[in-house]
Structure formats: structure tokens, C-alpha cells
1. Among the residues of segment 150-177 satisfying the criterion of being open to solvent by less than 30 Å² (accessible area, probe 1.4 Å) and either closer than 18 Å to ILE523 by Cβ or hydroxyl-bearing (Ser, Thr, Tyr) (or both), which is modelled with the lowest pLDDT?
2. For segment 337-363, what are the residues that are in a loop (DSSP other than H, G, I, E, B) and either on the phi > 0 side of the Ramachandran plot or open to solvent by 30 Å² or more (accessible area, probe 1.4 Å) (or both)?
3. What about THR124, is it open to solvent by 40 Å² or more (accessible area, probe 1.4 Å), of a type in the set (Val, Ile, Thr), within 30 Å of LEU190 (Cβ to Cβ) and at pLDDT below 75?
4. Mind counting the residues in segment 188-205 that are under 14 Å from VAL239 (Cβ atoms) and surrounded by fewer than 20 Cβ atoms within 10 Å (Cβ to Cβ)?
5. Name the residues in segment 263-276 that are surrounded by 21 or more Cβ atoms within 10 Å (Cβ to Cβ) and farther than 18 Å from ALA191 by Cβ, would you?
6. Against the condition under 32 Å from the mean Cα position of the chain (by Cα) and either of a type in the set (Ser, Thr, Tyr) or surrounded by fewer than 17 Cβ atoms within 10 Å (Cβ to Cβ) (or both), how does GLU97 come out, does it pass?
7. Looking at segment 161-219 only, could you name the residues that are polar (S, T, N, Q), touching a residue at least 24 places away in the same chain (Cβ under 8 Å) and either in a helix (DSSP H, G or I) or under 23 Å from LEU324 (Cβ atoms) (or both)?
Amino acid sequence: MELDSSAIGKCSKEHQKIYADWFNYADSDGDGRITGNDAIKFFSMSSLPREDLKQVWAIADSKRQGFLGFKEFIAAMQLVSLAQGGNVLTTDILYGEVDLENLKPPVMEGLDALLAKKRRSPKTSEPELNGSSKLQLSPSTHWFTSSKSAKKVPLSSVTSIIDGLKKLYVQKLKPLEVTYQFNDFVSPLLANSDFDAKPMVMLLGQYSTGKTTFIKHLLKSSYPGAHIGPEPTTDRFVVVMNGPDERSIPGNTIAVQADMPYSGLTTFGTAFLSKFECSQMPHPLLEHITFVDTPGVLSGEKQRTQRSYDFTGVTSWFAEKCDLILLLFDPHKLDISDEFKRVISSLRGHDDKIRVVLNKADQIDTQQLMRVYGALMWSLGKVLNTPEVMRVYIGSFNDKPVNEAASGPIGKELFEKEQEDLLSDLKDIPKKACDRRINEFVKRARAAKIHGYIISHLKKEMPAMMGKAKAQQRLIDNLADEFGKVQREHHLPAGDFPNIEHFREVLSGYNFDKFEKLKPKMIQSVDDMLGYDIPDLLKNFRNPYD
């Protein structure tokens, strides 16, 4: 699978220099981002109708970030040039047969005079020509270390949806999480790198179902530290991401790097971090997506008793961060072990991210495949408690040609169609990353609000003087009833409440008397964020030509 990293790779150096001057002029505040207002002023010089400019922005800002970087700006200029030449703009026009290398820059009326005037004034920094603009350090970097600096910046002045979410988190959601110790019960506090991380795809499955081979197939090459074999070979969690050179970074190192979104994994201890590593390599696909390769899930008691870390907890942590979760099955390994069942159960709440892949399907004939597919759906039905049927992709995801002797011509055609469907699902991930980030943020805000209600309720139920220990134990034992009281009192949906057993386990280590009382202003602040601030943020960064 090949994802074109951007149009900049197909733009000549000469044209890049021209576009750098244009970008520098259009970027009114010099932060390396062309916002909607900047675009309206600059694009108007093209004299294109509004409908064409609306399409230009929609294609160039395919990730829906709410701004154009230098790469996206070049793509936008190439689209403007094509539109001026009478071409119909479509989403895949830049990846078609157009000779982008020799495509002339568009005609922008009056721009040369404006540039000449600007050259007479002091120079400003130019975007680099390697594809990323030379950004000034985003102010959002400091918001996570000093909440005062976040309060000074009005929401209307942020220049992207992600920066807006960062500001809302530091200003409104983080205080609630800290007050009611949300990070100890549910999820660690978010850092700047959690918002800026690339979309992630996690592969889960029993040993030898082809997880590592699947990643190699997509990258069309191996990655540092990849081991493949019929026995359980991948014995650690491996994050495969983009980097300047090929190398493996140990887990303890990667978990303390501020620019990496893995600091939350330190809660699982050194035992896990010694089984975690990051493989970096330069690759156009990895510029858009990060892959998480996991150890094969084994069957039997050994899996549960001999792991030195919480395997299910780690997969649950990654599931929350990931944009897509692929469950891989082998036609000869359809049984779902107890450990695999626990892992799948830990994905509760992330059903929309899960895709099932029946790999190595060319090893059996059509009749056997029909039976295997039925058996797989039956097995999944007992584990995934959803009324909807899970989407299953059937194919053979490796670099070898399809085994037609077993699958026949019908099987080959089926596998190719299924592979195209799965690859188009993967191609859509970067485009949906910003929407997914908003979705996860809203889910987190709702979970934090309910957590605040629960903790403050437990504090309220404690006696003022005598019998505190007995009262606390009674509350822990009757936690389901207490959840019901909170739900009825505040009219909350039952499905949004946390897992009772896990919550009870964490609660046993706390003194309820030290919990905070309910702070209505904090809850109201989060309600306002969900009801007004986030909708306003999305409205500010929608297509400026809508």
C-alpha cells in the first residue's frame, strides 16, 4: 500500500521557491499556518468562483485540521492552477496522471506587486523546502506546564482545532480531572504530545496470525526489530513510527520523551517498559500513520499467570489512543482463548474502531472458507456483545501471490476486493484523525464528569465522626447501588459509567474522607465546554467557503 505523502514531492524546486514566497505573504501572523481568513484574502486573487475555492480548501485540508501548512498550501496552489486550466476538481486529481512536476503556478492577480512591496520591508522567515514550514514554537506547548499562559489566550485566537482542544483541556477539563483524581482511576492526564500524535493502528491476535507480516506488507519492507516465524516470535509491544533513520529505541527511553505520546505507559512499571520498544524508519506511509505490533496472545493458564505486567491493561491503554484496531485470525486458529477474550472485553467502548481480519485465507479452498467464516462469526458473537455484525475482511495479507490452487479464481477475486476495502479504510485514517481526536476528547470529558459525580457522592456518604472504616467498606461492597443513586440523582446514562469491578479494586486503596466534595462550578464549566465551546471551535475552523 502506498500513500502519497503530499503534493510537495511532485513539485519542482523552482516552483517550491515561488510557493514559499507566496506562503510567507499569505501567512499573516507568521506562525506557519494559513487559516481560513488568510485563505479567503489570498485565494481571492485567483478569480475562481466560490464553489471551486470551496473544493480547493476541502481537498487541501483533507485532515480537517482547520488550517493549511506549507505542504497543504502547495497542494492548494496546484489545485487552483488545475481549476484555472478548466479541470474538474476531484479528491484524487493530485494523484492521477497530471504532471505536477511541470504544472505552472496559478495566475494570482496583483500578487507580484504586493510581493515587491513586501520585499522592500524587513524580511521574515521563509518556510523550509523539505515539506514542513519553519514553525514558531506553538504557544500551546507551554500551556501544559503553566495554566496561566493558557488563560491569557482567548479561544478565538487559536489557529487550529487541535490547539483549541489543548486550550479547553488545560482551562476546563484538567482542573476537574486533577480535583477528583481521574488519572488514578481511568486514564493518565493528557500531555501536549497526546494531542499532536499521529493516528495509530493496533494489531491484535493470537501468535502466528500474521500481524508483523501484515505491517511488512503495508510498508513493503521490514522494520527494525521485526521477527517472523510459526512460533510466538514478537514478545513485546513494538510501535513502528516515522523517523530520520532506522533504529530501535528501548521502552524506558521512549516513555520519558516529552515529544512522544507514551508517557502514560510508565504506570505499568519497568516490567512492561522492558517489553516495549519503538522502531523508527523513514517511510512515506509512516508520515501519516503509526503502527502498534503486539505480542501474540497465547492460550492456556500460562498466559495469565506468567506475564510480569498487566497485558490487558496495556492493550486497553493503546485502544484508547488508537484510531483503528485490527483483530487478526488464522483459519487454523479460530478458538478465542480466555486471555484473548479478556483482551477483546477490554476494548469495550471502542467498538467503532474494531475491524476483524481473517488472514491466510488462501490456505483453504472455497468450501472450507465458507465454514471457517461461519465459525469465526459464531465465536465472535459470544465475545463481542453487540447487536451489529462485525465487519470481517477476508484475504491473505503478505507479499506472496494468492494461492489459486487452493482458493480458485473466485477466491482470488474476492481477496483482491477485500484487500482494497481494507486499504481504503486505512487510507481514510489520516483524514478522520482530527474528527477522531474530537470524539475521544468529548468521551473523556463525559467520563471525567461522571467520575467527579461518583467521587463526590462517596465523600458525601461518609459519616462526619464515627465508623468511617465500616462506612467506607459498605460503600465499596455496594458500589453498584451507589452508581445507581448517582445516575438517578444527576440523570446520567447508565452506559457511561465505569466498570464496577475495576473501580472497586482502585477504590480499596483510597481514604474516602480525603476525597473532594462536589464543585458545581467545575461541572458547569465542563458542560459549557461541551455545549458551547467545542461547537464554536468547530464552527470557526470549518471550510471558510461554506
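1. Looking at residues that are open to solvent by less than 30 Å² (accessible area, probe 1.4 Å) and either closer than 18 Å to ILE523 by Cβ or hydroxyl-bearing (Ser, Thr, Tyr) (or both), I get THR159.
2. Step one: filter segment 337-363 for residues in a loop (DSSP other than H, G, I, E, B), giving 337, 346-350, 359-360.
Of everything in segment 337-363, those that are in a loop (DSSP other than H, G, I, E, B) and either on the phi > 0 side of the Ramachandran plot or open to solvent by 30 Å² or more (accessible area, probe 1.4 Å) (or both) turn out to be ARG348, GLY349, LYS360.
3. On the way: open to solvent by 40 Å² or more (accessible area, probe 1.4 Å): yes; of a type in the set (Val, Ile, Thr): yes; within 30 Å of LEU190 (Cβ to Cβ): no; at pLDDT below 75: yes.
No; evaluated as a whole, the condition is false for this residue.
4. Adding up the residues that qualify gives 3.
5. PHE272
6. On the way: under 32 Å from the mean Cα position of the chain (by Cα): yes; either of a type in the set (Ser, Thr, Tyr) or surrounded by fewer than 17 Cβ atoms within 10 Å (Cβ to Cβ) (or both): yes.
So GLU97 fits the description; yes.
7. We begin by selecting, within segment 161-219, every residue polar (S, T, N, Q); these are 171, 179, 181, 183, 187, 192-193, 206, 208-209, 212-213.
Subset that is touching a residue at least 24 places away in the same chain (Cβ under 8 Å): 171, 179, 181, 187, 192-193, 206, 208-209, 212-213.
Passing the criteria: GLN171, THR179, SER187, ASN192, SER193, GLN206, SER208, THR209, THR212, THR213.
A quick yes/no check of all residues on (1) assigned to a helix (DSSP H, G or I); (2) hydrophobic (A, V, I, L, M, F, W, C); (3) surrounded by 13 or more Cβ atoms within 10 Å (Cβ to Cβ):
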residue: TYR453; (1), (2), (3): yes, no, yes
residue: ALA464; (1), (2), (3): no, yes, no
residue: ILE476; (1), (2), (3): yes, yes, yes
residue: GLN487; (1), (2), (3): yes, no, yes
residue: HIS502; (1), (2), (3): yes, no, yes
residue: GLY509; (1), (2), (3): no, no, no
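The values are calculated or read from the model by the stated rules, or taken from the named source; none is laboratory data. The structure displayed is predicted, hence computed values, not measured ones. A quick note on method: Cβ atoms are made from the backbone with ideal geometry, for glycine too, and the neighbour counts reach across all protein chains shown. Heads up: the accessible areas ignore ligands, DNA and RNA and are worked out on the full protein's heavy atoms, side chains in. Shrake-Rupley method; radii C 1.70, N 1.55, O 1.52, S 1.80 Å.
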